[in-house]
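In what follows, a structure is listed as structure tokens, so that the remarks can point back to it.
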Amino acid sequence: MGFLKNLFGRKTKEEETMSEKLNIGIILGSTRQGRVSPQVGEWVKEIADKRGDANYEIVDIADFKLPFLGEADAPGIVAWNEKLASLDGFVFIVQEYNHSITGALKNALDLAREAWNNKAAGIVSYGSTGGARAAEHLRGIMGELMIADVRTHPTLSLFTDFENGTDFKPQDLHLDNVNGMLDQVVVWSGALKSIR
Ligand SMILES: Cc1cc2nc3c(=O)[nH]c(=O)nc-3n(C[C@H](O)[C@H](O)[C@H](O)COP(=O)(O)O)c2cc1C
């Protein structure tokens with residue numbers, strides 16, 4: 001298709017798709033007052049922004065004022081779906097509530113379908129055991145939503161990465177894992193864009 005570029009002096013659609021930066025949403029999974037997820041999300045975004053390989057943005061479920069599925073038609077549901085549709089991949093900031101993800105995150109997952117499909121996602125989780133049980137539940141849900149979840153998964157401990165369980169002070173050792181997770185999310189998000 002190179003001849004088209006020469007002919008019209010501009011990039012073909014194919015070339016534009018290849019060169020555009022991907023949009024990756026960092027989704028905060030908790031909405032309660034006093035939550036620590038914004039601290040964790042900002043930390044991931046700071047690491048991600050230094051890479052310069054994609055457009056990273058924090059997506060806060062709380063901003064959308066989502067009703068529970070089936071309770072009401074709220075404008076937030078439309079806005080939520082539009083936001084997800086604008087993203088090529090996700091990083092879920094996952095906290096463990098009763099050995100699973102939050103009700104808020106599950107509801108937000110249930111309130112969209114196509115906007116999740118054929119995209120990639122990574123998980124950064126926290127809890128007393130690194131949020132591992134919640135993260136594994138989320139992987140099962142992602143399978144149903146056709147979200148390709150990457151393997152590398154930074155797990156943060158409420159005991160060693162937070163002071164008093166509230167002030168986020170991550171250990172340096174997590175940095176490589178966050179970058180490894182983002183490496184995979186960016187590559188898979190780019191690959192999956194080609195089939196949407
Ligand atoms: C309803 C509830 C249930 C929780 N259950 C667990 C649990 O099963 N395992 C765990 O490791 N931590 C559990 N925790 C602790 C949370 O992981 C911790 O409070 C964390 O900071 C919550 O994330 P957030 O501050 O972003 O809301 C629970 C907290 C709440 C509020």
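The values are calculated or read from the model by the stated rules, or taken from the named source; none is laboratory data. Model, not experiment: these values are computed from the prediction. Neighbour counts are summed over all protein chains in view; Cβ atoms, including those assigned to glycine, are modelled from backbone coordinates with ideal geometry.
Just one residue in the set Ala104, Ala72, Ala79 is aliphatic (A, V, I, L, M), at pLDDT 95 or above and more than 16 Å from the ligand (Cβ to nearest atom); that residue is Ala79. Considering the conditions (1) closer than 19 Å to Glu57 by Cα; (2) more than 16 Å from the ligand (Cβ to nearest atom); (3) under 15 Å from the mean Cα position of the chain (by Cα), Arg151 is excluded by exactly one of them, (1).
Taking the criterion of being within 13 Å of Val91 (Cβ to Cβ) and either modelled with pLDDT under 95 or in contact with a Pro (Cβ under 8 Å, 6 or more places away or on another chain) (or both), the residues of segment 161-181 that qualify are Asn177, Val178, Met181.
If you go through segment 41-69 and keep only what is in contact with a Leu (Cβ under 7 Å, 6 or more places away or on another chain), assigned to a helix (DSSP H, G or I) and either within 23 Å of Asn164 (Cα to Cα) or away from the ligand (no atom under 13 Å from the Cβ) (or both), you end up with Gly41, Ile47, Ala48, Arg51.
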